[in-house]
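Enquirer: So that we are looking at the same thing, I have put the structure below in structure tokens.
Derivation of every value follows stated rules applied to the coordinates shown; laboratory data play no part. Keep in mind it's a predicted model, so treat the numbers as computed, not measured. As a convention, Cβ positions derive from the backbone with ideal geometry for all residues, glycine included, and neighbour counts pool all protein chains shown.
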Amino acid sequence: MNKKSGATVIGARFPLIAYNVNLGTDNIEIANAIAKKIRHISGGLRYAKAVGVMLTERNIAQVSINMVNYEKTSVYTIQEMVKMEAKRYGVPVVGAEVIGLIPMKALIDCAEYYLQIENFDIKQVLETNLSE
């Protein structure tokens with residue numbers, strides 16, 4: 001293990017975040033269209049891979065995203081882009097989920113962005129100080 005820009009890096013690659021955004025529709029074509037706009041290979045966000053999937057047990061479509069570098073393309077950037085694209089189709093975002101683990105810094109970055117905390121330092125997080 002080594003430290004790289006505040007994140008713990010384990011192994012040879014940056015931690016992957018599996019982040020899924022649930023849409024208020026059962027139209028899988030909308031999820032696929034949004035995924036196409038998100039994923040890098042289609043001209044979207046550099047560190048994102050995405051696909052539309054159907055959650056049959058909930059009868060909703062989902063944009064399933066693998067984030068391969070959350071410091072270069074943040075969770076909040078992906079969330080906002082999915083919301084913007086969903087709005088084009090008149091579809092709300094009804095939830096999101098993380099599959100597996102997520103680095104604390106990725107969540108702190110979201111809190112800092114959405115709460116608009118000025119001059120925030122990760123050392124202000126209680127658990128950061130306790131773990132040192």
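Enquirer: ILE60's amide H: which non-local residues (gap 5+, or another chain) put their own amide H closer than 5 Å, with H modeled 1.01 Å from N in plane and none for Pro or chain starts?
Expert: It is LEU55, by chain and number.
Enquirer: OK, next. Could you point to the label whose value was computed as semi-axes √(5λ) of the Cα gyration tensor in Å for the structure here, given (1) 29, 16, 13; (2) 47, 19, 12; (3) 24, 18, 14?
Expert: Here the calculated entry is (1).
Enquirer: In the chain, which longest range has no trypsin sites (Lys or Arg not before Pro) that are both DSSP loop (not H, G, I, E or B) and surrounded by at most 15 other Cβ atoms within 10 Å?
Expert: The longest such stretch corresponds to 73-132.
Enquirer: Please compute the length gained on full extension between ASN69 and TYR89, using 0.36 nm multiplied by the number of residues separating them and subtracting their Cα-Cα distance.
Expert: 4.4 nm
Enquirer: To continue, here is another question. Ignoring everything except DSSP H segments at least 4 long, calculate the 222 nm mean residue ellipticity for the chain; use -39,500 (n - 2.57) per segment, divide by total residues, nearest 500.
Expert: -9500 deg cm²/dmol
Enquirer: Would you list LEU55, LEU101 from fewest to most Cβ contacts within 10 Å?
Expert: Sorted ascending by nearby Cβ count, the order is LEU101, LEU55.
Enquirer: Using Cα springs under 10 Å in a Gaussian network model of the chain, which residue among ILE17, ILE117, ILE30 shows the largest mean-square fluctuation?
Expert: Checking each option, the largest mean-square fluctuation is seen for ILE117.
Enquirer: Among SER64, SER74, what is the fewest-to-most ranking by other Cβ atoms within 10 Å?
Expert: SER64, SER74
Enquirer: What list do you get for LEU16, LEU130 if you sort them by fewest beta carbons within 10 Å?
Expert: LEU130, LEU16
Enquirer: Go through segment 95-101 residue by residue and turn each phi into a ³J(HN,Hα) via Karplus (6.51, -1.76, 1.60, θ = phi - 60°); whole Hz please, and just put x for glycine and proline.
Expert: For segment 95-101, the Karplus curve yields x, 8, 8, 10, 9, x, 9 Hz.
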